[in-house]
Amino acid sequence: MTEHTVAVGNIEPVNKESPMVTEPIAKLFWRYSIPTILSMLVTGIYVTIDGMFIGHYLGEVGLAGMILAYPIAAILYAIGATLGMGGAALVSIHQGQGEPHIARRILGNTFSLCLISGLITTVLGCYFSRDILVLLGAEGEVLNSADDYLFWYFALGIFPIVSMAFSALLRNDGRPGFVTCVLILGGVLNTILDWLFIVVFPYGLMGAAIATMVSQAFTGALCLQHFFSSRTELGINLEQMKLKWDHCINIIRVGTPSFLMNMYLTVVLTLHNVAFLTVGTPLHVAAYGVVSYTEAFFYLLFEGIAFGVQPILSFNAGAKRFDRVKQALKMAFTVTLICAALGLIFIYSVPQLFVYIFAGDNTLLTPIATEGMRWYFWGLPMEGLLLVGASFFQAINYSKEASILTGAKLILFAAILYVFAWAFGVPGVWISLATCSTILVIWMAWIMKRTNSKFMA
């Protein structure tokens, strides 16, 4: 199957009476986006709670260890997002084209790929995690705590892969509200386990990792069971799980932009850590931990918008209703900008509040983290626009454009960070990401204009 075949091929769509192509776009957008945004915000809340427990009970050493270890562990979420978003987009497109038998096969292959990738990452991650931390410059107490965190993350790594993949697939199967409830329950469980494994039993970052993985196992199991029940027409069985080469390739191809978006976070966190250790101090790494926890909340909000609009984009692309695709994209961009503007007002009004949430009344950390926030967050709207734009290209099966957009971001950011750190020191590190995102928003607008005529043909 060649690029763009599914989205713009000559197959006549048959689902003309589906609500996806008959109901108003605004109604569909809010029906799918509100539960998805809420579920992402719930995820953001328990990410925030993780940071609060670590910052208050493990101090700046815990925050530094966490911010060094998490970018490596995030490979699991990147794999889950790749398989989940790739599978979800293709399932929706084939449903829009009236081909449920192909959609079922893609779903089963997605599950098999989750199991295989979980096994591989467990073996490699447990074996190489400490070596990677040493390579990044970790040492002493920070190295030991970060290594404990990574070992348990990878030992139980199958759970976040399945949870990420099947929350996306379940959302596409018409149950976004149920996904939200599952993630809320997972967030509550994660909070209880954080308290148990960090406060009651002082297991440090190892306890934080185990708490997160158990909650991921819980949410993954609840999402997965839907596809083995009678409540769906897309049930999984052993026959559908048999890998078919072209389905596997297409799942990974369409999901690659999600991998790059998630790996972008890994690369950004890692490069920031290395840059701060080079031109700053470990205290700057801890301050960046506070900033990144704050950013994660808004990033997940933007992901909620992008993931929520994805089924609408994919189904209507498959049904050749490109006018509705454009309406949905415009609405997603508008909501993203409004959320980013409100976020900027809040962050710049009370930056000390965010530092206190994650680190308490830390006299050494507060002024550094507060200054970092002022330098860092002016690029927040651009981050949201890029995420929604890349998800749009992915949803309509223009994976090449999405991959170029996200891949270029990694390369451009690395170059800007190197130059700015050399030229301006610590302030240059803080402003690098916002500068990169601003340049790429301009580039994205050009790509969309260039692609529009071909997409609408």
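No lab work stands behind these numbers, since they all come straight from the coordinates. Predicted, not measured: the structure shown is a model, and the values here were computed from it. Counting neighbours? That spans all protein chains shown, and the Cβs are built from the backbone with ideal geometry, glycine included.
Given just the C-alpha atoms of the stretch 102-196, how large is their convex hull per residue in cubic angstrom?
Looking at the stretch 102-196, the number lands at 113 Å³ per residue.
In nanometres, what is the gap between the two model label sites at Thr281 and Trp30, each 7 Å from Cα along Cα-to-Cβ?
For the pair Thr281/Trp30, the computed spacing is 5.1 nm.
With the alpha-carbon atoms as the only input, what is the per residue convex hull volume for the stretch 156-309 in Å³?
Value for the stretch 156-309: 148 Å³ per residue.
Can you compute the charge dipole magnitude of the chain about its Cα centre, using +1 on each Lys and Arg Cβ and -1 on each Asp and Glu Cβ, nothing else charged? Give it in debye, rounded to the nearest 20.
In total the dipole reaches around 1560 debye.
If the limit is 31 Å between Cα atoms, which of Lys244/Lys449; Lys320/Lys400; Lys27/Lys242 go over it?
As for pairs spanning more than 31 Å Cα to Cα, those are Lys244/Lys449; Lys27/Lys242.
How large is the convex hull of the C-alpha atoms of the chain per residue, in Å³?
Value for the chain: 125 Å³ per residue.
Over all pairs of distinct alpha carbons, what does the Kirkwood formula give as the hydrodynamic radius of the stretch 334-441, in Å?
Across the stretch 334-441, the inverse of the average 1/r is 15.3 Å.
Can you compute the helix-only [θ] at 222 nm over the chain? Use -39500 (n - 2.57) per DSSP H run of at least 4 residues, normalise by all residues, nearest 500 deg cm²/dmol.
-29500 deg cm²/dmol
For Phe178, what charge total do you get from the other residues with a beta carbon under 12 Å from its beta carbon, if Lys and Arg give +1 and Asp and Glu give -1?
Summing Lys/Arg as +1 and Asp/Glu as -1 gives +2.
Can you check what the net charge comes to around Leu387, using other residues whose Cβ is under 15 Å from the Cβ of Leu387 (Lys, Arg +1; Asp, Glu -1)?
Around Leu387, the charge tally is -3.
Which one of His272, Gly87, Val419 is farthest out on the positive end of the charge dipole of the stretch 27-456, using unit charges on Cβ (Lys, Arg +1; Asp, Glu -1) and the Cα centre as origin?
Checking the options against the dipole of the stretch 27-456, the answer is Gly87.
Over the stretch 27-456, what is the mean sequence separation of C-alpha contacts under 8 Å (at least six apart), divided by residue count, expressed as relative contact order in percent?
Contact order relative to length: 25 percent.
Would you mind checking the radius of gyration and Dmax of the stretch 147-216 based on alpha-carbon positions, in Å?
My reading of the Cα-based Rg and Dmax gives 13.5, 42 Å.
Local charge sum around Val267 (other residues, Cβ-Cβ under 15 Å, Lys/Arg +1, Asp/Glu -1)?
-1
Lys/Arg Cβ at +1, Asp/Glu Cβ at -1, dipole of the chain taken about the Cα centre: which of Ile120, Phe178, Leu364 is farthest positive-ward?
Phe178
Can you give the charge dipole size of the stretch 359-457 about its Cα centre, rounded to the nearest 20 debye, using +1 on the beta carbon of Lys and Arg and -1 on the beta carbon of Asp and Glu?
In debye, rounded to 20, the stretch 359-457 gives about 500.
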